[in-house]
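Participant: The structure that follows is given in the form of structure tokens.
The values are calculated or read from the model by the stated rules, or taken from the named source; none is laboratory data. Note that the structure is a prediction, hence the values are computed from the model and not measured. Cβ: placed from backbone, ideal geometry, glycine included. Neighbour counts: every protein chain shown. Heads up: the accessible areas ignore ligands, DNA and RNA and are worked out on the full protein's heavy atoms, side chains in. Shrake-Rupley method; radii C 1.70, N 1.55, O 1.52, S 1.80 Å.
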Amino acid sequence: MHELAQDLNQQIQQDNPNVYDLLSELGKNLYFPKGILTQTAEAKQKAHRYNATIGIATEHNQPMFLPLIQKTLTNYDPNDLYPYAPPAGKPELRQLWREKLLNESPSLKDKSFSNPIVTSALTHGLSIVADLFLDENDPLVLPDKLWGNYNLIFGVRRGSKSITFPFYTEKGTYNTVGMKEALLSQKDHGKAILLLNFPNNPTGYTPTEQEATEIVVALKEVAQQGMNLAVVTDDAYFGLFYENSIKESLFARIADIHPRILAIKVDGATKEDYMWGFRVGFITYASKYPAILNALEKKTLGIIRGTISSSSHPAQTFVLEALKSKDFHNQKQEKFEILTKRACKVKQILDQGDYSAAWDYYPFNSGYFMCLKLKGVKAEALRLHLLEQYGVGVIALGESDVRVAFSCVEEPELEQLFDLIYQGYQDLSR
């Protein structure tokens, strides 16, 4: 094991050995090398005459660029586009995102957490979690309503063992009891990764205030029984809370609640700021020990350096400029109101009862999606039929669930959408 990795591990073990026990073998061996990037960072501060360290080309004291590209980007300084971004991301962007977290999740106010580290969107952030904390057959606990890519990120790539529990209770509330039982079923293993995705993909559900409190209490009770937990909040759709739900990230409630619980937040501008193709995400750790935050950051940078090296500089610049703009919040609110109206319209349509013979729908209150539970017709058969006969695209999940993204259907067209889904159902049920 490299001595730098040993030093980082010692820092973690000294302050909280439970966090060290959560690390995978890869996570224990990770470190951020004191190589070219470290030397370049030092040169950037002190080499005021000639900086011949980093592998880019410059002219006239700025990065070299092709005018045909720059003419489309004339509002930006070439220094904010063409050089490599730091592996952790642009410092100003990281600071602004940290301030954003504090503003949007008041429970973080008195908590200790790292500066967000820039990732190449959320999938990259989740894969970092997998590399740091999962060895083969380590348990990954998550509800049965889940984003399919988790299987690739955690299962195929790292060989984790998925332990699922029913997302909803019979009353249509979040199944905290099932979550707790799933975690405790792995007690003999000593540790588990818990994945919480709210607003949930595919259901569009976020816990209520009471449910959020119950989740925190349940996690503390599991930790008190001797389990080490890395609790990951996948906040891809953060902020899109329409009714009857918590309005902040569960990361803020879970941070520092118990020495055996490490809270990790994965989020980004991708979904919540309508910048899907920019691929700018963040990963943030919570710990009351600065040495642990420092060690986890260095290990995360080791993964970034050893995979993508750094995230897109232009994309970070675009996100940074958006966050700094005086119009940012007003324009986001406009989009939020559009999506809120669509969600309310979907409920209005479904609550009329015209389709009750064909399906029920799962409770939803947030995000981009909602799910239908079909009666007597297979989801995949309906999906294919809708595509072939009506030109309608939906997502089939399992035997009976169909995910509908109202986020990409105009409000006046929603009623026709569900009429067509119903027509397709009738075709197959005859």
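Participant: At a Förster radius of 56 Å, what calculated FRET efficiency corresponds to the Cβ-Cβ distance of residue 428 and residue 137, to the nearest 0.05? Intermediate results must be reported in sequence, preceding the final value.
Facilitator: Values: r = 40 Å, r/R0 = 0.72.
So the FRET efficiency works out to roughly 0.90.
Participant: Between helix 290-307 and the chain, what is the angle of the helix's C-alpha long axis to the longest principal axis, kept within 0 to 90° and rounded to the nearest 10?
Facilitator: 80 degrees
Participant: In whole percent, how big is the carbon plus sulfur part of the accessible area of the stretch 170-260, probe 1.4 Å, protein atoms only? Write out the running numbers ahead of the final one.
Facilitator: Numbers: 1450 of 3090 Å².
Carbon-and-sulfur percentage of accessible area, whole number: 47.
Participant: Right, something else. Cross-link candidates for residue 341: which lysines have Cα within less than 19 Å, leaving aside residues fewer than 8 places away along the same chain?
Facilitator: Leaving aside lysines fewer than 8 places away in the same chain, those within reach of residue 341 are 247, 271, 332.
Participant: Right, next: Determine the alpha carbon to alpha carbon distance for each of 191/324; 71/324; 187/299; 180/345; 145/324; 111/347 and list only those over 30 Å. Don't jump to the answer; show the numbers that get you there.
Facilitator: Values: 191/324 41 Å; 71/324 23 Å; 187/299 27 Å; 180/345 35 Å; 145/324 36 Å; 111/347 37 Å.
Check vs 30 Å cut-off fails for 191/324; 180/345; 145/324; 111/347.
Participant: How many angstrom separate the Cα center of the stretch 89-168 from the Cα center of the stretch 258-328?
Facilitator: Each part reduced to its Cα centre gives a spacing of 10 Å.
Participant: For Kirkwood radius over Cα pairs in Å, pick the label among [x] 23.3; [y] 21.7; [z] 31.8 that corresponds to the value derived from the coordinates.
Facilitator: [x]
Participant: Okay, next question. Out of all DSSP beta bridges with both ends in the chain, state the antiparallel percent to the nearest 5. The partial results should precede the final answer.
Facilitator: Numbers: 25 of 45 bridges.
Bridges in the chain are about 55 percent antiparallel.
Participant: How many percent of the accessible area of the stretch 358-430 is carbon or sulfur, using a 1.4 Å probe? Display every interim value, and only then the final one.
Facilitator: Working: 1660 of 3480 Å².
On the stretch 358-430, the fraction of accessible area on carbon and sulfur atoms equals 48 percent.
Participant: With everything on Cα atoms, drop me the angle between helix 209-224 and the longest principal axis of the chain, reported from 0 to 90° to the nearest 10.
Facilitator: Computed tilt is about 60 degrees.
Participant: Provide the percentage of antiparallel DSSP beta bridges, counting only those with both residues in the stretch 141-264; round to the nearest 5.
Facilitator: Restricted to the stretch 141-264, the bridges split so that about 5 percent are antiparallel.
Participant: If you don't mind, another one. Where only protein heavy atoms count, and the probe is 1.4 Å, what is the accessible area per residue for the chain in Å²?
Facilitator: On the way: 19790 Å² over 430 residues.
Counting only protein heavy atoms, the per-residue value for the chain is 46 Å².
Participant: Heavy-atom accessible area of residue 413 with all protein chains present, probe 1.4 Å, nearest 10 Å²?
Facilitator: 100 Å²
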